[in-house]
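The values are calculated or read from the model by the stated rules, or taken from the named source; none is laboratory data. Just so it is clear, the structure is predicted and the values come from calculations on it, not from any experiment. Cβ sites come from the backbone with ideal geometry, for glycine too, and all protein chains shown count toward neighbours. All accessible areas refer to the heavy atoms of the entire protein, side chains included, with ligands and DNA or RNA removed. Shrake-Rupley method; radii C 1.70, N 1.55, O 1.52, S 1.80 Å.
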Amino acid sequence: MTSATRELRASYAFIERNFNLTKRYWGWEVAWLVYSIAGALSVTLIGLDQGNRRLIFSLMIGAIFWNYLSVVFSFIAETIEWERWEGTLEYTMMAPVRRFTQLLGSTVYALVYGLIHTGVILVVLVLFFGLDLSHANLATAGLFMAVGSVSFVGIGMMAAILPLLYVERGAQMTFVLQSVLLLISGVYYSTDVLPGWMQLLSKLSPATYILDGVRKGLIDGEPITALLGDVWPLIGMGIFFIPAGIWAFGRAERYAKRTGKLKRVG
Amino acid sequence: MTSTMTPESNRTGTNGRLPDEPKVAPVSTEPGTRAEPVREGPPALLIEHATKRFIVGKKRRPVVAISDVSLRIERGAIHGVLGANGSGKSTLIRLISGLLTLDEGRVEVFGHDIVREEMAVKRLINRVSVDAAFFKKLSPSENLSFAARLYGMDAKAAAQRAVEILARLGIGQKRMGRPIEQMSRGMQQKVAIARALLTSPILLLLDEPTTGLDPRSKLDVQIFIEEVRTEHNATIVLTTHDLVEAERLCGRISILNDGRMVAEATPAGLMAMVARDHGQPETLEAVFMTYTGRSLDDDLEETGVTDDDD
């Protein structure tokens, strides 16, 4: 067996395992989906209450696509935390698997899961509000999602090291990071309303560019060529964050092995 | 074995080896008894002057968990490691597993350095810890499939092998699909052992594998450990608090105390030493008490408080 085959097989191990976990927790999956749909509907109804079609679209896009981004971020960022909680972290770390392989498997599953989860919410909201997407530029939205996902995966990988570095607080730090991204990325409002220092921070979040690009594509039907200013930062962040995430993960693993932080707790 | 250290022998400069003591385990090919370790080629496990420190507490106090430990285990041996809670047994297993980095010294597994040839070593070893670590909502089948893929195995072939191994341990196929959380502690531990064997390790690290098992399950596991050694030609490092188990299974035993290896010999050799040098009864409990400075009861009581030896 070639090394590549072995690594691919190992990568699929994480996809299959996460799929099995999703099946076993199907009750929670349904509950979470209902909650996400209810949350997206509630937020979008604010636009209906205001009688503003553009606001309806804007809020709907924020709710739906933030759901996607947060699902992807959580899945990757909690890769270590899940294993620590279940007590399997040491077993996985002992296996002859490169960390890149592990992260690749977790990432692929996160993207597929996020797309399905978000797709269901999108369909429900479009049907509920009877929205007309005939003028939307779906290619623009799709491209922003694809490129933006890469950047978000990179941030997720960076966040995944926190539970390696901080046994007790790592997961809490990850949650706080996700909350900050929600606040500064203009999920439900324009980043122009943020204080100046927050606007600066918003430029560091890939979600800002993703949501801006998706809104312009779906609401205004703008082609991707008109939005290159939003695309380049995403590409740059993807190029930076993914290698940086893998590198940082390796460093964090070595630190954890030196200090004994792979050991089970909880 | 290269190191056989006792406080007495260190003082006399003989490094503790009894002049008339064999270097390898006694030979027996009868079923259920110890077979001859193989001395050709590199040893299954070579530890030279391994030291591991941790920084603990707000004052960042360094604590030496493993101190200058050396050990050589030949292929096909079952080597026991005894010691009180906190003596460093689990730390030693984690160092061999690559879950901790060494501060000093080196470790080789079948001639492969665990630092420079990490992936090669990982393919040769597996470990069963005292707490069966699984995704508890998943079934044995799903957990073992995950393990098989991690080690690059074909899932279908692995599933068949898993059924065979679990059947041997008394777990029927009908249990394979139910969540592990519905299994007893003993059954979970058997699945953990099956998972380790599934990947055909030639060095198996068993960290208190029978702790908490009922007598029947314990016996099943012990018999299976012997089978694994004889039929799969695996080398086994076994930490345990069960002295009967150690005497039954292990060709040689090392005693760890406060991170130091204070004695190492055959079970009979250790018992003879405490009888001769300390006037103690010829039992492994006397060996344990002599070299760790505590009774077995003290140690077992602490087991309920902490599940770790670090």
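Brief remarks on what is shown
- Placing A:16, B:264 in order of accessible area, with the largest value first and a 1.4 Å probe, yields A:16, B:264.
- Between A:232, A:26, A:247, the GNM of chain A built on Cα springs shorter than 10 angstrom shows A:26 fluctuating the most.
- Chain-alone versus full-assembly comparison, segment B:113-141, residues with accessible loss of at least 20 Å² (1.4 Å probe): B:119, B:122, B:123, B:126, B:127, B:131, B:133, B:134, B:135, B:136, B:137, B:138
- Between A:72, A:43, A:123, the residue with the greatest mean-square fluctuation in the GNM of chain A (Cα pairs under 10 Å linked by springs) is A:123.
- Taking A:129, A:144 and ordering them by how much accessible surface each has at a 1.4 Å probe, largest first, produces A:129, A:144.
- For segment B:170-202, the residues whose backbone nitrogen is under 14 Å from a point 7 Å from the Cα of residue B:216, taken along Cα to Cβ, are B:170-172, B:184-187.
- Area accessible to solvent at residue B:154, 1.4 Å probe radius, in Å²: 80
- For the pair residue B:182 and residue B:160, label points projected 7 Å from Cα toward Cβ lie 2.7 nm apart.
- Peptide B:93-103 - average C-beta neighbours from other chains (10 Å radius): 4
- When the charge dipole of segment A:3-259 is built from unit charges on Cβ atoms (+1 for Lys and Arg, -1 for Asp and Glu) and taken about the Cα centre, the candidate among A:33, A:237, A:210 whose Cα reaches farthest toward its positive end is A:237.
- Nearest-10 value in Å² for the accessible area of residue B:175, using the 1.4 Å probe: 50
- Of the DSSP H helices in chain A, those with a Cα length along their own long axis of 18 Å or more and a mean Kyte-Doolittle hydropathy reaching 0.0 comprise A:26-49, A:53-77, A:99-129, A:138-160, A:170-184, A:206-219, A:228-259.
- Legend: residues A:46, A:155, sorted from most to least accessible area (1.4 Å probe; ligands, DNA and RNA excluded), read A:46, A:155.
- Using the Cβ-Cβ distance between residue A:116 and residue B:232 with R0 = 45 Å, the FRET efficiency computed as 1/(1 + (r/R0)^6) comes to roughly 0.60.
- Charge dipole (debye, nearest 20) of segment B:171-238; +1 at Cβ of Lys and Arg, -1 at Cβ of Asp and Glu: 320
- Segment residue B:276..residue B:113, full-extension length gain: 54.8 nm, with 0.36 nm per residue of separation and the alpha-carbon distance subtracted.
- Computing FRET efficiency as 1/(1 + (r/R0)^6) for residue A:99 and residue A:54, where r is the C-beta to C-beta distance and R0 is 45 Å, gives about 0.50.
- Segment A:1-155 - charge dipole about Cα centre, Lys and Arg +1 at Cβ, Asp and Glu -1, debye rounded to 20: 260
- Along the axis of the charge dipole computed for the protein assembly as shown (Cβ charges of +1 for Lys and Arg, -1 for Asp and Glu, origin at the Cα centre), the listed residues B:83, B:281, A:119 are led at the positive end by A:119.
- Just the protein heavy atoms count here, and of the accessible area of segment A:159-266 at 1.4 Å, carbon and sulfur take up 68 percent.
- Solvent exposure of segment A:3-259, expressed per residue, is 45 Å² of accessible area, with all protein chains present and a 1.4 angstrom probe.
- Prolate is the label for segment A:3-259, because the ratio a/c of its alpha-carbon gyration tensor axes (a ≥ b ≥ c) is 1.5 or higher and a/b is greater than b/c.
- Take residue B:55: with every protein chain present and a 1.4 Å probe, its accessible area is about 100 Å².
- Shown for segment B:146-172: residues covered by the partner protein chains by 50 Å² or more of accessible area relative to the chain by itself (probe radius 1.4 Å), namely B:146, B:149, B:150, B:151, B:152.
- Checking the cross-link pairs A:23/B:136; A:257/B:89; A:261/B:136; B:52/B:136; A:263/B:218; A:23/B:122 against a 20 Å limit on the alpha carbon distance flags A:261/B:136; B:52/B:136; A:263/B:218; A:23/B:122 as lying beyond it.
- Qualifying lysines (Cα of each under 18 Å from Cα of residue A:216; at least 8 residues distant if same chain): A:203
- B/A buried area, accessible surface, summed, 1.4 Å probe, Å²: 3600
- Most mobile listed residue (A:187, A:126, A:231) in chain A, GNM with C-alpha springs under 10 Å: A:126
- Contact-buried residues of segment A:51-96, at a threshold of 40 Å² lost accessible area versus the chain by itself: A:86, A:88, A:90, A:91, A:94, A:96 (1.4 Å probe; DNA, RNA and ligands ignored).
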